[in-house]
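All remarks here apply to the structure that follows.
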Amino acid sequence: MFIRYLNLRIMRSLPLYLLFILILAGCKKVDVPDGTPYFVKQKIRDYLKKPVQNPPATVWRYDFNGEKVYYFPPSCCDQFSDLYNEKGDLLCHPDGGLTGSGDGKCSNFFSARTGQVVIWQDARE
């Protein structure tokens, strides 16, 4: 009787265990510096789901206007780059677009940024 009860209990919880294993298998570790915000890691995981870009995708960290920001260069012609703060808020598009000058909301980014650090570069071929 006890063995039958135990088997039923295991069978009922099996889908939960399988779901947990699938979730863990889907969480790829992204090799980035300690302290990198979660949203940056997630954007990198998204890059890794897509074909390799030419030039390879990169993520940069800078100091800009008194805060750490994350710069995602454009992947191709006429596309905007993205600049995020540490909270994951989109601040502006520093470059790219039809004119190559971004959206104009942070036109001083390239002259005022400091502390350049490469957070990640796609090493796939």
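Points worth noting:
- Label-point separation in nm, K29 to T114, each point 7 Å along Cα→Cβ: 3.5
- Pairs of Lys residues in the range 28-125 are counted when their Cα atoms are under 26 angstrom apart and they lie 8 or more places apart or on different chains; the count is 25.
- Where labels lie 7 Å past Cα in the beta-carbon direction, separation of K105 and L90 in nm: 0.7
- Shape of the range 55-101, Cα gyration tensor, a/c cut at 1.5: prolate
- Unit Cα scatterers, Debye sum, the range 30-121: log10 I(q)/I(0) for q = 0.12, 0.19, 0.21 Å⁻¹: -0.35, -0.90, -1.09
None of the figures in this text is laboratory data; all of them are computed from the coordinates on show. These figures come from a predicted structure and were not determined experimentally. So basically every Cβ, Gly included, is an ideal-geometry build from the backbone, and we count neighbours across all protein chains shown.
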